[in-house]
């Protein structure tokens, strides 16, 4: 339910809620005798009852004098803890490789009842059509979806080509139409702090619309820049890697969204800010998932996994719970709607076994029981997508020749090339060099030296000049064997087709396998497709469940291991090889982009003369 | 500056703020080397600099590397504490008997930089014209005024007559026009909890408009009702008198606005909730003034007086400061604008000598120094009011005969009458009875037995039937001497003309003295006006300064003492004698109204048969 709908429903229900609270009529659901984790006061209140009426909480206290109706659902909470539903204030649904209904079905059993998805992956593919479609798919879900308007599409205009671009007018439109509830992560922090007028024009739209603006400030220790960023209106950031950085952000008025995703595991490095300052007010600290794979959700849970880890690391339980409930609600300026178990709030309520494991025994969302003991109890209907949404790959059949790297005729013998060094689990790469011997006027992969080819192929509908249709480079760090390749349209942020391989033929096979799936990931060895994950929705998401998608992704991960790379979840690292806002060397569809600290990004040649 | 204007200004300034933060250009003001009271983290940060650019904070930290311009104002804060400007989230300007510009001039030197005035006194007089006018007078002030839309005008429809009434359509209009920032106190809590549709229709307008709704729940211990009230959307309340009540409200999701006004001094009774629960999160606790006389402001200060008292009572200083800064800002869902000294926020900054006395050495509002060492340094222009605003008394000349209480001819000898017993300093009265001997077919005051006459005379422009033009009763508790009377148009909530006296002639003289002033208070003894406070603006406010009005009010208080009543500030208690939402016996222009606990209000006869 979106905020406006919730306001209308609440405004029409106040008299009914009052009658229920007064004990004149029964509520629709009553929870009896649990221990309330009161996130407002940070106190535990034992033997508490909660009366829910339709979507809202009517009463919290001793309900022994209140009537129970014939149709009142009665829940025994004795021996259990009552928590508010968890709020993930920054995340990307696309990272979980399923669409929104499947995502909702996947996370509700784990107690996340509100998400703030920045859907900038699919917006890179479809532009404003994605923003509108995403909002529409959220409408009837028993999950609160507060969409964050993407503001960095593409990540660096002029150096890469996505399917669309987003400007200030688009941002304004999204707010006017009600398609977005807050402003998505501003990743172009150099643009903000150095005063890029285009970036500030987008920031201005968020401020004028009264939206909460979220940021991405990744320069720890650069305090002038941090102040400039916050002064520009960005009051939340999930991009902290050090405890001192987190403390500085909180102190300067920026909510710290401590991240603990599948691959980016900052939380353990941030909690010392809290543990070493036990007297500190922690209201500015929250926790988020940012990016989690379907495997993480299916095997470990969603935001509750982050909560569990925080407590394991030593954060006091109630404080940790506040970070994923009331603190997040206050970040969003929505604490009258979500974030606490209080009268008038949406009835998003969890029953858990204890305050260490947080096993979800029951999840109530908007007044209805949606999950029990880890299983969904309410069917969530699938969404009927328009054709353009599930057919987004505009790509000719690939051949081995397409992956040739010719050497200019004036260069003879050995050739020095730039090499992208991937480091599994890290968001950045290193820029290296290698000397290759040309054969037949071209350069080839050399698996013995861990040198694969990498290619980025434009795959969107928009027409672009031929010279931007594909680019080539070399990659090390994946240790791919001879005769292997992989291809993926999960390739931040433009989500063009990324192909990596040690053999041109295999690269073509992998690329065509993905092409046939309408998007996704394929791993190939000796002409055989070892595993294929079909992601037809925007080339990023399956239409299967989280569980099914997790299984398919596990097969892909297994295949990548067979192909030579043993690191877990390495597909997440691979998916960043085209993200040119990161250092040091990445590949866009226009070519290699180098980004070194303190310098603007620049194109560099593959062959060093 | 209102919120919308602030948003536009900030949206246009972000690049400039970023440039200042980056040290590329100087700010307009720099504060050097103070101890920052960081209300976000509850930590003290020593040797901190703050750079302000125009109305906003650009940088907080070590500014030794930042440039200082020719026109940069440099403030040395060494040895001083840096605090955010104080936020009073519930108050009535009219109680201070001056208009808004004078009020701003009076409180800014005391460090209050944001007020949320519920102007329901003047709205009882003028209706929506008052709401619009109030908003207009706030526009150019160096004080943030977040008007709270009055919702209880009159307090009990059908039992009294004000100059206007407010319905749901008016509330909606105020939000649509931008005249109000939040919803004013819903005093009719029985209407809310028992489901009065008219009251819920008004509540619905606030919820639909996304406004914070403030309440007035005055039934400690009635927890069903409290839940019903909060479930109806009211999330802030200044009407707590007991610590357990305050704790219950905070626990159930209602901000506690601990009151410490001139006469209603609840704070000492509430702070045990905090002192006895030192581990509690106090984010739901704030402090407000509600009603303070100009004397209190001139002699003791404004919200800082409440802060000082909280600290004196034992509340830890930083927690107490949070209650009048960040907690209030979060109550208002405006913490990105006000409530902390952080980049991007409005530059509302205080320098104080220590954290006990809070002597205001400097007050900066919206980037400008507005006061130093208790004195205003910026002129605040007066407002040119339309004629209707300063000529609001529609009242014929009064004569002694107008105050006669005739006895019906079928009643002979002694007559039992109802008597309102005033208790100085209390908001409620007691309903008593007395036996009087009629003389000449009428009943008379009896000062020897502390029995004065009391009259409520309709004084607004609207036409009403003759039988509602005036009412009579008896009053004890003021111990007025023979030959004395007082009259006042400060008479909550309808602000009709209240006249009290021991002699009909003197009552007429007092009433006519107020009539001549166009509203206000007059005290009379033996035909002589002892003191007169002219309040021509709505019959409630002077157009003088706080200081001048305080002096005149002190003369009135002195005169009341001469007339027989020694209690300090008793005019505040007197002003509630017409407030029929309070128990037990009050006088509206339609007659005596009795309100006993658990019963609806009802008209009762003066003469008991």
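The values are calculated or read from the model by the stated rules, or taken from the named source; none is laboratory data. Source: prediction; values computed, not measured. No Cβ is skipped: glycine too gets one built from the backbone with ideal geometry, and neighbour counts run over all protein chains shown.
Just the residues that are touching a residue at least 40 places away in the same chain (Cβ under 8 Å) and within 20 Å of residue B:226 (Cβ to Cβ), please, taken from the stretch B:175-186.
B:184, B:185, B:186
For the stretch A:90-123, which residues satisfy the criterion of being surrounded by 24 or more Cβ atoms within 10 Å (Cβ to Cβ), out of contact with any helix residue (DSSP H, G or I) (no Cβ under 8 Å at 6 or more places or on another chain) and assigned to a helix (DSSP H, G or I)?
A:104, A:108, A:120
When you check residue A:514 against the structure, is it outside any loop (DSSP other than H, G, I, E, B) and either under 24 Å from residue A:425 (Cβ atoms) or modelled with pLDDT of 95 or more (or both), yes or no?
Considered against the rule, which asks whether it is outside any loop (DSSP other than H, G, I, E, B) and either under 24 Å from residue A:425 (Cβ atoms) or modelled with pLDDT of 95 or more (or both), residue A:514 comes out as yes.
Restrict the check to the stretch B:165-173 and report whether at least one residue is more than 14 Å from chain A (Cβ to nearest Cβ), crowded, with 24+ Cβ neighbours inside 10 Å and closer than 18 Å to residue B:540 by Cα.
No, the stretch B:165-173 has no match at all.
Sort out which residues of the stretch B:338-373 are touching a helix residue (DSSP H, G or I) at 6+ places or on another chain (Cβ under 6 Å) and within 14 Å of chain A (Cβ to nearest Cβ), and write them in order of number.
B:338, B:339, B:340, B:343, B:344
Considering the stretch B:366-378 alone, what residues qualify as being over 25 Å from residue B:44 (Cβ atoms), surrounded by fewer than 16 Cβ atoms within 10 Å (Cβ to Cβ) and touching a residue at least 40 places away in the same chain (Cβ under 8 Å)?
Passing the criteria: B:375, B:378.
Of the residues A:87, A:57, A:31, which single one is more than 11 Å from chain B (Cβ to nearest Cβ), touching a helix residue (DSSP H, G or I) at 6+ places or on another chain (Cβ under 8 Å) and within 21 Å of residue A:111 (Cα to Cα)?
Values: A:57 fails: more than 11 Å from chain B (Cβ to nearest Cβ); A:31 fails: touching a helix residue (DSSP H, G or I) at 6+ places or on another chain (Cβ under 8 Å).
Every option except A:87 fails the conditions.
Name every residue in the stretch A:351-365 that is touching a residue at least 60 places away in the same chain (Cβ under 8 Å) and more than 23 Å from the chain's Cα centre (by Cα), in order of residue number.
A:351, A:352, A:353, A:354, A:355, A:361, A:362, A:364
Mind listing just one residue for me: the one in the stretch B:187-197 that is in a helix (DSSP H, G or I) and free of Cβ contacts under 8 Å to residues at least 40 places away in the same chain and, of those, farthest from the other protein chains (Cβ to nearest Cβ)?
B:191
Can you name every residue in the stretch B:550-572 that is modelled with pLDDT of 95 or more and out of contact with any helix residue (DSSP H, G or I) (no Cβ under 7 Å at 6 or more places or on another chain)?
B:551, B:552, B:555, B:558, B:559, B:561, B:562, B:563, B:564, B:565
Step by step: first the residues of the stretch B:198-222, then only those that are within 12 Å of residue B:254 (Cβ to Cβ) and without any contact (Cβ under 8 Å) to a residue 60 or more places away in the chain, then the one that is farthest from the other protein chains (Cβ to nearest Cβ). Which residue is that?
Here the answer is B:216.
Within the stretch B:129-152, identify whether any single residue is more than 27 Å from residue B:1 (Cβ to Cβ) and either outside any helix (DSSP H, G or I) or more than 14 Å from chain A (Cβ to nearest Cβ) (or both), and answer yes or no.
Yes, some residue in the stretch B:129-152 is more than 27 Å from residue B:1 (Cβ to Cβ) and either outside any helix (DSSP H, G or I) or more than 14 Å from chain A (Cβ to nearest Cβ) (or both).
Report whether or not residue A:13 is assigned to a helix (DSSP H, G or I), in contact (Cβ under 8 Å) with a residue 40 or more places away in the chain and either over 24 Å from residue B:225 (Cβ atoms) or more than 14 Å from chain B (Cβ to nearest Cβ) (or both).
Answer is no for this residue.
Out of curiosity, is residue B:247 within 14 Å of another protein chain (Cβ to nearest Cβ), more than 18 Å from residue A:44 (Cα to Cα) and touching a residue at least 24 places away in the same chain (Cβ under 8 Å)?
no
Limited to the stretch A:15-31, what total is found for residues that are over 36 Å from the mean Cα position of the chain (by Cα) and surrounded by fewer than 24 Cβ atoms within 10 Å (Cβ to Cβ)?
Matching residues across the stretch A:15-31 total 8.
Among the candidates A:158, A:169, which residue alone is outside any loop (DSSP other than H, G, I, E, B) and free of Cβ contacts under 8 Å to residues at least 12 places away in the same chain?
Only one candidate qualifies: A:169.
Taking the condition of being in a loop (DSSP other than H, G, I, E, B) and more than 21 Å from residue B:503 (Cβ to Cβ), how many residues in the stretch B:402-446 meet it?
12
Scan the stretch B:42-68 for residues that are surrounded by 13 or more Cβ atoms within 10 Å (Cβ to Cβ) and part of a loop (DSSP other than H, G, I, E, B) and jot them down.
B:42, B:54, B:55, B:62, B:63, B:66, B:67, B:68
Which one of the conditions (1) within 14 Å of another protein chain (Cβ to nearest Cβ); (2) under 25 Å from residue A:81 (Cα atoms); (3) surrounded by fewer than 24 Cβ atoms within 10 Å (Cβ to Cβ) does residue A:328 fail to meet, given that it meets all the rest?
(3) is the only condition that residue A:328 fails.
If the requirement is being farther than 19 Å from residue A:478 by Cβ, in contact (Cβ under 8 Å) with a residue 60 or more places away in the chain, surrounded by fewer than 17 Cβ atoms within 10 Å (Cβ to Cβ) and more than 18 Å from the chain's Cα centre (by Cα), which of these qualifies: A:590, A:602, A:609?
A:609
Of the residues A:41, A:46, which is free of Cβ contacts under 8 Å to residues at least 24 places away in the same chain, over 18 Å from residue B:192 (Cα atoms) and at the interface with chain B (Cβ under 10 Å from one of its Cβ atoms)?
Answer to the selection: A:41.
To keep it simple, each residue is scored yes or no on (1) under 28 Å from residue B:206 (Cα atoms); (2) at pLDDT below 95; (3) within 8 Å of another protein chain (Cβ to nearest Cβ).
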residue: B:227; (1), (2), (3): yes, no, yes
residue: B:232; (1), (2), (3): yes, no, yes
residue: B:262; (1), (2), (3): no, yes, no
residue: B:288; (1), (2), (3): yes, no, no
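Could you please let me know if residue B:417 is in contact with a strand residue (DSSP E or B) (Cβ under 6 Å, 6 or more places away or on another chain) and within 30 Å of residue B:107 (Cβ to Cβ)? It would help to see each step written out before you state the result.
Working: in contact with a strand residue (DSSP E or B) (Cβ under 6 Å, 6 or more places away or on another chain): yes; within 30 Å of residue B:107 (Cβ to Cβ): no.
In short, no.
When residue A:333 is evaluated against the numbered criteria (1) within 22 Å of residue A:147 (Cα to Cα); (2) within 11 Å of chain B (Cβ to nearest Cβ); (3) crowded, with 24+ Cβ neighbours inside 10 Å, which criterion, by number, is the only one it fails?
For residue A:333, the failing item is (3).
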